[in-house]
């Protein structure tokens, strides 16, 4: 089945008008593409269906969150996932998650003030094994302020704060359905963690909450009828905390796990499975939806957009990232555990310097045990100050935030060393967000390989320029061109050869996307 060369322009136009269905008809041995009303008595040999951006993914996800598109801007810590991003996403019919991790409570509450009651949005709740008190305070803030959606990330296990958030206010409505007012979107990459979020809240935590008087015994029984998470995001090879999983393996694994646990627990509404990590182009988006993702979560490319809470210098660095410009480095929040994050390598020495700090931490029991030459290198090259000065700053910080850390450090020299080393890892992200030019070589910029794929896709288009990158424009181009690609693959599956270069997936303006996603006149 071949569409004549003379019809290639028509083929591309048909693929681009994603809301309009077309027919393949046999006209005396030749194949033509026609609109349905033009088919007449011709024999129909194929069909090009309507595939619109607002119909990709799971309709129940869009309905539950009050959005038009199954597309989420994920939380990026330290406010990189900014209130500006959340607002832009919400106004575009998508969902934005504010990156609360690493921020003081007052900054998180200011974002709540800004976003409250305006648009669909969510806030990040990050697992904090080194600072469980902070995790609890953030969860309590969300409960007190009526934040109804959190993206729970970096969890190694469930904790009391996230369970408390999930079950507070649980009740049964007039129809008898169990209703949990607080929704959890869990971002995970391991089956053992996913299993806990796809199961009911653990009984031990429910019993503890009953003893604390925070829920009633009846509410504890109701909690057994719901999963911990309404939505679970399979996080593949992403920026920041990542297990570098392959999306083509991880997404089907999580879908199968969800189906197995749903058969076991028979929830009234099965949790939905979304996808994150690597989604930055039409090809990856089309693949994610084809594998059964109910929604997509995008991170790295949004950091490169003008609304993100980082600096113009970082946005320029991200716009220049290529496939080999990514590295793994120790994570500030889980430094002692050896957990790593994925970061940008091009233009910064952070990954190498952070790795050196972790190497010294593992090899020594205290700062005093570090050799004079290594200490001199640390003070001159990495910290640019005496280590005593860094400890004084760190001590002052923790005396205000968590004095128990200071008490422990003064008893345990190795813990003091960890806090001093974590000072660099924490500051490196703040230097990047603030655009501190004198510290550019130390910038910690969370970034996955999706950034490089995006840069390659938009090369030569208006989106190649950092100042043109806006989250809604990027998102709608990804979704729209995914629809074009899905339609071309649908034709190919019916035996129609698609010539190289067709369809063109070059980014276009929002106005042009709107024109192409309505039914033809």
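Between residue 434 and residue 243, what is the label-to-label distance in nm when each label sits 7 Å out along the Cα-to-Cβ direction?
Inter-label distance under the simple model: 3.6 nm.
Suppose each label sits 7 Å from its Cα in the direction of the beta carbon; what would the residue 19-residue 43 distance come out to in nanometres?
A separation of 3.5 nm, rounded to one decimal place.
With a 10 Å radius around each residue's Cβ, average the other Cβ atoms per peptide and rank 301-314, 137-150, highest first.
So the order, starting with the most tightly packed, is 301-314, 137-150.
Which whole-angstrom value gives the distance between the alpha carbon centres of the stretch 142-201 and the stretch 416-483?
29 Å
Run through the DSSP bridge list for the chain and note the antiparallel percent, rounded to the nearest 5.
That works out to approximately 40 percent antiparallel.
With the contact rule set at Cα under 8 Å and sequence spacing of 6 or more, what percent relative contact order holds for the stretch 55-310?
Working: 510 pairs, mean separation 48.5, N = 256.
About 19 percent, as a whole number.
For the chain, what is the relative contact order in percent, using Cα pairs closer than 8 Å and at least 6 residues apart in sequence? Write out the running numbers ahead of the final one.
Working: 977 pairs, mean separation 86.8, N = 521.
Reported as a whole number, the value is 17 percent.
If you average the sequence gap of Cα pairs under 8 Å that are 6 or more apart and divide by the length of the stretch 227-296, what percent do you get for the contact order?
Taking the mean separation of contacting Cα pairs over the length of the stretch 227-296, I get 38 percent.
What 222 nm value per residue comes from the helices of the chain, counting each DSSP H run with n ≥ 4 as -39,500 (n - 2.57) and dividing by all residues, nearest 500 deg cm²/dmol? Can you show the working numbers first?
Details: 21 runs with 226 residues, N = 521.
Dividing the helical sum by the residues of the chain leaves -13000 deg cm²/dmol.
Using alpha carbons only, how many degrees (0 to 90, rounded to 10) separate the axis of helix 247-265 from the longest principal axis of the chain?
So the helix axis and the longest Cα principal axis differ by about 80 degrees.
Which angle from 0 to 90°, rounded to the nearest 10, does the C-alpha axis of helix 413-434 make with the longest principal axis of the chain?
40 degrees
Just to verify a number: FRET efficiency for residue 518 and residue 221, C-beta to C-beta distance, R0 = 51 Å, to 0.05?
With a Förster radius of 51 Å, E is 0.55.
With axes computed from alpha carbons, what is the tilt in degrees of helix 132-145 against the longest principal axis of the chain, rounded to the nearest 10 within 0 to 90?
50 degrees
Every number here is computed from the coordinates shown, using simple stated rules; none is lab data. All figures in this text were calculated on a predicted structure; none of them were measured in a lab. Note that we place each Cβ from the backbone using ideal geometry, even for glycine, and neighbour counts take in every protein chain shown.
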